[in-house]
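So the structure is just underneath, and the comments pick up after that.
The values are calculated or read from the model by the stated rules, or taken from the named source; none is laboratory data. Just so it is clear, the structure is predicted and the values come from calculations on it, not from any experiment. All Cβ positions, even for glycine, are placed from backbone atoms using ideal geometry, and neighbour counts span all protein chains on display. To get the accessible areas, we keep the full protein, side chains included, count just its heavy atoms, and leave off ligands, DNA and RNA. Shrake-Rupley method; radii C 1.70, N 1.55, O 1.52, S 1.80 Å.
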Amino acid sequence: MVVACSAFTPAPEHGGASGLAEMERVCRPGGRVAIIWPNHLKWLAARGYQYVSFPGPMSVEFGSYREAVELAGIFYPGAAEEVRRRGRRTVPFDVLGINPPRDLAFKVLAQ
């Protein structure tokens, strides 16, 4: 399996057609290429990729409550106070104000 998460797009500087071709090249026959948090679903579908989305709430589990507060302050400043208030190391994505990685596009390579 070859996986890219949240950074892969059709733009050459983010993988593009040559990046997708390289992922498929290094994946063994019968293996899978998966793009987590895909953008540009039509572009991937035109290249034989299927889209899947998984329902339900999702959370980020930090190493500790202290780490959750520290990292929220750096990366999610609008959520930092709510993270502090909740007092837990597990923080729902909706509290952080970002979409969870609940979807993917994948392709099974021919054998």
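For segment 2-63, relative contact order (Cα pairs under 8 Å, six or more residues apart, normalised by length) works out to 35 percent.
The C-alpha atoms of the chain define a longest principal axis, and helix 16-26 lies at about 80 degrees to it. Remark: the Asp94-Phe75 segment gains 5.4 nm on full extension, using 0.36 nm per residue and subtracting the alpha carbon distance.
Looking at the chain alone, DSSP beta bridges between its own residues are antiparallel in about 70 percent of cases. The value of relative contact order for segment 11-111, using C-alpha pairs under 8 Å at least six residues apart, is 42 percent. Computed from Cα atoms, the angle from the helix 65-75 axis to the main principal axis of the chain rounds to 60 degrees. Shown is the FRET efficiency for Cys5 and Ala110, computed with R0 = 30 Å from the Cβ-Cβ distance and rounded to the nearest 0.05: 0.80.
Using only side-chain charges placed at the Cβ, +1 for Lys and Arg and -1 for Asp and Glu, the dipole size of the chain relative to its Cα centre rounds to 280 debye.
Multiplying the residue separation of Arg32 and Ser18 by 0.36 nm and subtracting their alpha-carbon distance yields 3.3 nm. Per residue, the chain exposes an accessible area of 64 Å² to a 1.4 Å probe, with every protein chain left in place. Calculated [222 nm] ellipticity per residue, helices only, for the chain: -9000 deg cm²/dmol; basis is -39500 (n - 2.57) per DSSP H run with n ≥ 4, divided by all residues, nearest 500.
In this Cβ point-charge picture (+1 for Lys and Arg, -1 for Asp and Glu), segment 53-111 has a dipole of about 120 debye about its Cα centre. Ordering Ser64, Phe93, Ile74 by Cα displacement along the dipole of segment 58-111 toward the positive end leaves Ser64 in first place; charges were set at the Cβ atoms of Lys, Arg (+1) and Asp, Glu (-1).
Which percent of the Cα-Cα distances in the chain go past 16 Å? Tail fraction, whole percent: 64.
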